[in-house]
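Take a look at the structure below.
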Amino acid sequence: MSQNVRSPERAGGYDILSPACPSRTVLRHVVDRWTPLVVAVLSRGSHRFGELRAAIGGITPKVLTDTLRSMERDGLITRDQAPGVPPRVDYALTPLGSTLAEPMNALRIWAEGHAEEILDNRVRYDAVALDSAR
């Protein structure tokens, strides 16, 4: 296939296999380490920052902040700040962000359903690699 960024036969006219295609950046943002987890939590309704952090084990405040900003920039979430001391900030999926909930849920179900098999495969692979190194 040519290096054309847009390809009429593909969804939206973009070709993710082309290195110059902007849809690659979209995919990178959508499947980064934390975005699917934020989508999973926000698909249940709006949450405050602290609630998001508590629901997503292992995420640091800085990484959560960066992820939320990136998602807001991409139009996947809204940030609603209400006046007060401290100000109340709620995050929610936009209609566009809500379209990610179903495919992300399918990936979550797949990962949870195949985790044991994959972990077993890793053990077997590492044992063979260790034997080969001897």
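The table below gives the values:
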| read-out | value |
| --- | --- |
| Mean accessible surface per residue for the chain, computed with a 1.4 Å probe while every protein chain stays in place, in Å² | 70 |
| Translational D in µm²/s for the chain (Stokes-Einstein at 20 °C, 1.002 mPa s, Kirkwood Rh from C-alpha pairs) | 122 |
| Placed amide H near Val89: partners under 5 Å, 5+ positions off or other chain | Phe49, Ala82 |
| Inter-site label distance for Arg44 and Leu17 at 7 Å from Cα along Cβ, in nm | 4.0 |
| Residue-wise HN-Hα coupling along region 120-134, computed from phi with Karplus coefficients 6.51, -1.76, 1.60 (Hz; x: Gly, Pro) | 4, 4, 4, 4, 4, 4, 5, 5, 5, 5, 5, 5, 5, 6, 7 |
| Residue-averaged [θ]222 nm for the chain, counting only DSSP H segments that reach four residues, each worth -39500 (n - 2.57) | -17000 deg cm²/dmol |
| Size descriptor, Kirkwood hydrodynamic radius, that averages inverse alpha-carbon separations across region 63-134, Å | 15.9 |
| Nearest-0.05 FRET efficiency for Val89 and Asp66, computed from C-beta distance (R0 22 Å) | 0.90 |
| Of all accessible heavy-atom area on the chain, the percent that carbon and sulfur account for (1.4 Å) | 57 |
| Length released on extending from Ile118 to Ala106, taking residue separation times 0.36 nm less the Cα-Cα span | 2.6 nm |
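The values are calculated or read from the model by the stated rules, or taken from the named source; none is laboratory data. Predicted model, so just to flag it, every value in this text is computed and none were measured. Every residue, glycine as well, gets a Cβ built from its backbone with ideal geometry; the counts of neighbours run over all protein chains shown. Just so you know, the surface numbers come from the protein's heavy atoms only, side chains and all, with ligands and any DNA or RNA stripped out. Shrake-Rupley method; radii C 1.70, N 1.55, O 1.52, S 1.80 Å.
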